[in-house]
Every structure is written in C-alpha cells, then in structure tokens.
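Quick note: the coordinates plus some simple rules give every number you see, no bench work behind them. Bear in mind the structure is a predicted one, so any value in this text is a computation, not a measurement. Cβ sites come from the backbone with ideal geometry, for glycine too, and all protein chains shown count toward neighbours.
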Amino acid sequence: MDKKNGQLRMVSRRSVLGGLAVLPAAAAYALDAAQSPSQLFLRDAPPITSADQVLNVMEFEALARTALPPAHFGYIATGTDDDRTVARNHDAYLHYEIRAHRFVDVSGVTAERTVFGAKWPSPIYLSAVSGQRAFHPDAELGTAQAARSRSMQMMLSCVASTPVEPVIQARGAPIWQQLYPTDDWNVTEGVVRRAERAGATAIVLTVDSQVGRGYTRNNETLARAMRIDNRTCTDCHVNNSHDPVHRAPMFEGLDVSHVDALAPPNITPQYLDRLRKLVTVKFMVKGVVEGEDAALAVNHGVDGVIVSNHGGRNEETLRATLDCLPGVAAAVGKRVPVLLDGGVRRGTDVFKAIALGATGVGIGRPQVWGLAAFGQSGVERVIDLLNRELLQIMRQAGTPTLADIKPTHVMASTWR
Ligand SMILES: Cc1cc2nc3c(=O)[nH]c(=O)nc-3n(C[C@H](O)[C@H](O)[C@H](O)COP(=O)(O)O)c2cc1C
C-alpha cells in the first residue's frame, strides 16, 4: 500500500515536471520560491473591476492608489515624520495571538453591539475622514449611503466636503459629528448647535490635533506626493479650496475671520467642562492614548473615550493604539464606552481590540480606499469583508457573542 502510494507520488511529480516545458506559467510558480503562492497569484491575477472581486481590505489600498492622483492618495496614506506610527498601529495586531476554544455552540454567532442605545450589526463604525470629495465625486454621501445599506454608525468630519444635513439624510439615521473646535468659541458653538439641530446624536471632540497658525503637521509623505502632482485640482477640494479652516461647509454662515486654527492650544479640563455644558447630546473625546487622560476626561463628564492617534497622522509617538488600549480601558473601568481606531484591517484585528477592552472599533483609511476604488459599493465591500472576517474568527474562537470575547482569548505573541 505504502509502496503504491510512493509510486503514485512519483508519477504525479514527474507529470508536473514534464508539463513545465509547455506550461511556462506553472514553471514560474515552481521556480520562484522566494514568493508565497498567494503573492504569485496576485501578481498574475486579472485586474479587479468590481468591489465584489476584492478579497480583503488591504487590496483596496492598492486599488485606491491606482484610482487617485498622487497627492490625494498621499493625503490618505501620510503619517508624520517617518510614518512609523502608522505602520505600528497596524503591526501591533501581529503581537497578539488568538486563543481558539472548541466545544462551544456557535450556531447563533452574532457580532451585534448596542452603543448609546443604538443597535449596531457589529462593533465596527466609520470614523471621521475629511474632504472625501478628493477621493470620489459621491464623497461623504457615497459613504453615508453605504453606512445606510449596512446599518453602520458613521462619524462625519468637521471639515468634510459635505455638511451634516445632507449626510444625515443620505444615512437615513443619526450620525456622530466630529468636532474641530477652532480657536474661536463662537465658531465652536455654531458647529455644535448646527450638528445637534440636524440630528447628530454625539459630538466627538478631537483632542490630538494641535495644528495652529505657524505650526504644520510634519506630513512628509503628503509633501512628497504633492511635489510630483502638479495639477491644479482645487475643484475636488472642500468648497473648491485648500483652506478647510475657513471654507469647510460646516463653517458656512459663521464668522470665521478670527479663526487661526482648527484647535485651540488650551484644551484643558476647564475647556472640557465648558464644552460639556454646551453639548446636549452624547459627548466624546477622540485621540486619547493614556489612562490618566481618559480618567480625567470621564471625571469631566464625557460619555465616551476614543483611543486614537489620528491614524498616526499627527504625531510620531511610535505607540500603537492597540498597545494603549488596555491602560485606557483599565482607567475608565467600564464607566463609559471605550472605542479604538488605527490600523484595523482584518476581522481578527477587531476581535483582538474587543478582547483588550474596546466597545467599538473605527476604521479610517479603509473606508476611503473603498470609496476611491468603487464609490458606495467599495465602502460596502470593506464593511462586509471586516464583518464577515469577524464572524469567522468568533466562530473559530468559540465566542458566539462579543460579550464572550475575554482578555484571555488573546495572548502576547512569543513568536520570533
Ligand atoms: C484622509 C484622512 C482624513 C482624516 N480626517 C479626520 C478628521 O477630519 N477628523 C478626525 O478626527 N480624524 C480624521 N482622521 C483620522 C480618522 O478618524 C481615524 O482616527 C484614523 O484614520 C484611524 O486610523 P486608520 O486610518 O489606520 O484606520 C482622518 C484620517 C484620514 C486617513
């Protein structure tokens, strides 16, 4: 029997080798041992022409790069300094392994989560991404329609190309309004009141963007991309302008003549108190990375904390948000939801963030890669892929609900 099997193997191997002369493609696969089969098939695959052909979120990055002019792709991609914090946000997920448990009934697996009384199909939400008209003509309306068709929570950027009212209409449900408070309180107040009037159910104060007059973010990747992109393309920018500070649609009708910066340099506890008094809906802070800051914000009345470093765009701390999460979650101690964004590209990433204490998980770049590549259907595919992968790993790990995912379902990787 063994001998027969051995002969069979020999025969089949000889037939493969014999086929090499007439099948040059097969020869390439056999000889190029340095590359994985998956990379080889990717290299030779026919072009992707619709969103449903895309296999994973990272493939959308390459598609967006092809679809967009260099400066617009550079705007999405850029980090600050050497972009190492961008990379670490993503790579941090490789430092955790998932511990899968058998003998659990996972027939009713569900990733549903309730956040501020709203039922989400999964813990994933669309985080704020500014100026989406630079990525697709449908801009924020395309994203909102995708969010609607998939019942996803959407957070609208304060410097979006589309203001809050039509976005809420396209979403068909309340959104969260991200807030760059500006250094003029009257403008801050105007934006908050307008968003609340339109029906936003949360105001999300971004606290990791200290960009004032005379200070620029050191976005070198963007600067390089702009150097090789000499088009004049302001028509695809926010209100046909490179000046979101004064021309953002959310600032229309407000006197922005005194605004120098999208954030005052004094976001102190007193500032939180002042804003807390103004905001009548849920109030969150986005961009917290240390436990003591999270505890301070909760003590000053915020309803939620978002662990974020702006996708590594504003600071080169080298601290991945996933590594910041346990400290923040411990300091908050379940008093309010703790959300996280940064580097989430797989359902397994979402699983790990949930295990380490996140209530919800935001995506920034993936949604606009999808938008740039295929408009609404691209964003939908990004959402579907992540949700499907999350459910898959939940089944595999023996965790039928998000509440079943415990810190013990992940362990620090010992792999070298
Ligand atoms: C092109 C781009 C624009 C962004 N605009 C905003 C913004 O206007 N306000 C904000 O709070 N965060 C903004 N972010 C940060 C995201 O909300 C989110 O924190 C970050 O992208 C998460 O990391 P990820 O891109 O790795 O998913 C932006 C991110 C990108 C990529």
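Between the residues 181, 337, 98, the greatest Cα displacement towards the positive end of the dipole of the chain, with unit charges on the Cβ of Lys, Arg, Asp and Glu, is found for 98. Note on the chain: antiparallel DSSP beta bridges, both residues inside, total approximately 20 percent of the bridges counted. In terms of overall dimensions, the C-alpha atoms belonging to the chain reach 85, 54, 38 Å along their principal axes, ordered largest to smallest.
So for the chain, if I pair up every lysine 8 or more residues apart or on another chain, how many of those pairs have alpha-carbons under 22 Å apart? Counting lysine pairs in the chain gives 12. What the Cα convex hull of segment 296-416 gives, in volume per residue, is 143 Å³. Local charge for residue 58 was computed over the other residues whose Cβ lies under 14 Å away, with Lys and Arg +1 and Asp and Glu -1, and equals 0.
Longest stretch of the chain clear of exposed loop sites (chymotrypsin sites (Phe, Trp or Tyr not before Pro), DSSP loop, at most 11 other Cβ atoms within 10 Å, sites excluded): 216-414.
Straightening the chain between residue 216 and residue 39 buys 59.9 nm, computed as 0.36 nm per residue apart minus the Cα-Cα spacing. By the count of neighbouring beta-carbon atoms within 10 Å, fewest first, 292, 140, 380, 315 end up ordered 292, 315, 380, 140.
Would you please name the trypsin sites (Lys or Arg not before Pro) within segment 102-199 that are DSSP coil residues with at most 11 other C-beta atoms within 10 Å of their C-beta? Loop-located and lightly packed - 102. Only Lys, Arg, Asp and Glu carry charge here, each on its Cβ (+1 for the first two, -1 for the last two); on that basis the chain has a dipole of about 1380 debye about its Cα centre.
You can think of it this way: the chain between residue 112 and residue 173 has 20.2 nm of extra reach, that is 0.36 nm per residue less the Cα-Cα gap. Every helix of 4 or more DSSP H residues in the chain counts as -39500 (n - 2.57), and over all residues that averages to -13000 deg cm²/dmol at 222 nm. Residue order for 232, 206, 280, fewest other beta carbons within 10 angstrom first, comes to 232, 280, 206. Computed over the chain, relative contact order equals 25 percent, with contacts defined as Cα pairs under 8 Å that lie 6+ residues apart. For the listed peptides 389-398, 50-59, a ranking on the average number of other beta carbons within 10 Å per residue, highest first, reads 389-398, 50-59.
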